[in-house]
Amino acid sequence: MAISVRPIGPDDLPDVTRVLTGSWGGSTVVALGRGELVDAAELPGFIAESGDEVAGLVTYAVGEGAVEIITIDAVLPGKGVGRALLDAVRTVAAERGVTRLSLLTTNDNTHALRFYQRYGFDLVALHRNAVDRARALKPGIPAESDGIPIRHELELELLLEER
C-alpha cells in the first residue's frame, strides 16, 4: 500500500472535517499549549492518501522558532501514515529555517507517546492538570480513555539541524 502526502487544499474541507470530527469530536480543538480553541480545519496541513482513500491528516501552526503540530490522525494506523505526515511537516519546518517541531499529547495516549519517541521526539515537560483546564473551553473532552484518567499534557519536541 503506497501512501502519498500532499498539502491540504480547499476541496479537502469535507474530508478534513470528517477526520477531525471522528478523532476530536469536531474540527475545533483546544490548542493545549495555547489554552485556546482553534479550528484545526482552518490550519495548514497535509493529507495522506492510499489510492482514493484518506489515510490520515496533520495540521500545524508556525510559531517563533517552532512548528507546532496541532492535530495528527492516522486513519489507517500501522501503515506508515503518521511517519509520512510528520516527515511532511518536518520538511516545512526545514524550508522555513525553523529548528524545532513541538507537540502536545495527553497522559493517556501511550501509543502515540511511543510513536513520537521512536520518531525522535523528546519529552520536555509535563503540564499537570492542563486537560482539566481545557475542559472549561471544550467540555466534551473525555474524562478517561482505556481506564486512564485524562488530566495532563505531555510536551514533546524534536530539534532539527540548523540550516
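The sole residue among Thr17, Thr59 that is free of Cβ contacts under 8 Å to residues at least 40 places away in the same chain and closer than 22 Å to Arg83 by Cα is Thr17. Residue check: Leu158 meets all listed conditions (1) surrounded by 17 or more Cβ atoms within 10 Å (Cβ to Cβ); (2) out of contact with any Pro (no Cβ under 8 Å at 6 or more places or on another chain); (3) under 24 Å from Asp39 (Cα atoms); (4) in contact (Cβ under 8 Å) with a residue 40 or more places away in the chain but one, namely (3). Can we say Val62 is assigned to a strand (DSSP E or B), at pLDDT below 95, closer than 25 Å to Gly97 by Cα and not aromatic (Phe, Trp, Tyr)? Yes: the conditions hold for Val62. Looking only at region 72-111, residues that are in contact with a helix residue (DSSP H, G or I) (Cβ under 9 Å, 6 or more places away or on another chain), closer than 24 Å to Asp52 by Cβ and among the hydrophobic types (A, V, I, L, M, F, W, C) come to 4 in all. Would you mind stating whether Arg83 is in contact (Cβ under 8 Å) with a residue 40 or more places away in the chain, over 18 Å from Asp39 (Cα atoms) and either surrounded by fewer than 13 Cβ atoms within 10 Å (Cβ to Cβ) or of a type in the set (Lys, Arg) (or both)? In short, no.
Please enumerate the residues belonging to region 50-69 that are under 21 Å from Pro14 (Cα atoms), buried (at least 21 other Cβ atoms within 10 Å of the Cβ) and more than 10 Å from the chain's Cα centre (by Cα). Full working, then the answer.
Filtering region 50-69 for residues under 21 Å from Pro14 (Cα atoms) gives 50-61, 69.
Filter once more, keeping what is buried (at least 21 other Cβ atoms within 10 Å of the Cβ): 55-60, 69.
Listed by number, the residues that qualify are Ala55, Gly56.
For first residues located in region 30-43 and part of a strand (DSSP E or B), partners that are charged (D, E, K, R) and modelled with pLDDT of 85 or more and lie 6+ apart or on another chain with Cβ distances below 7 Å form the pairs Val30/Lys138; Leu37/Lys138. Check whether at least one residue in region 92-99 is under 18 Å from Leu158 (Cβ atoms) and touching a Phe, Trp or Tyr at 6+ places or on another chain (Cβ under 9 Å), and report yes or no. Among the residues of region 92-99, at least one is under 18 Å from Leu158 (Cβ atoms) and touching a Phe, Trp or Tyr at 6+ places or on another chain (Cβ under 9 Å), which makes the answer yes. Consider region 4-31 and keep the residues that are at pLDDT 95 or above and among the hydrophobic types (A, V, I, L, M, F, W, C). The one that is farthest from the chain's Cα centre (by Cα) is Leu13. For region 128-155, a residue qualifies if it is among the charged types (D, E, K, R) and either free of Cβ contacts under 8 Å to residues at least 24 places away in the same chain or not in a strand (DSSP E or B) (or both), and the qualifying residues are Arg128, Asp132, Arg133, Arg135, Lys138, Asp146, Arg151.
Conditions tested, residue by residue: (1) surrounded by 15 or more Cβ atoms within 10 Å (Cβ to Cβ); (2) among the charged types (D, E, K, R); (3) in a strand (DSSP E or B).
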site	(1), (2), (3)
Arg6	no, yes, yes
Leu13	no, no, no
Val19	yes, no, no
Thr71	yes, no, yes
Ala88	yes, no, no
Ala93	yes, no, no
Val98	yes, no, no
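Taken together, the criteria exclude Asp108 from residues that are crowded, with 17+ Cβ neighbours inside 10 Å, under 17 Å from Asp15 (Cβ atoms), under 17 Å from the mean Cα position of the chain (by Cα) and among the charged types (D, E, K, R).
The values are calculated or read from the model by the stated rules, or taken from the named source; none is laboratory data. Fair warning: this is a prediction, and the values are worked out from it, not measured in the lab. Note that each Cβ is placed from the backbone with ideal geometry, even for glycine, and that neighbours are counted across all protein chains shown.
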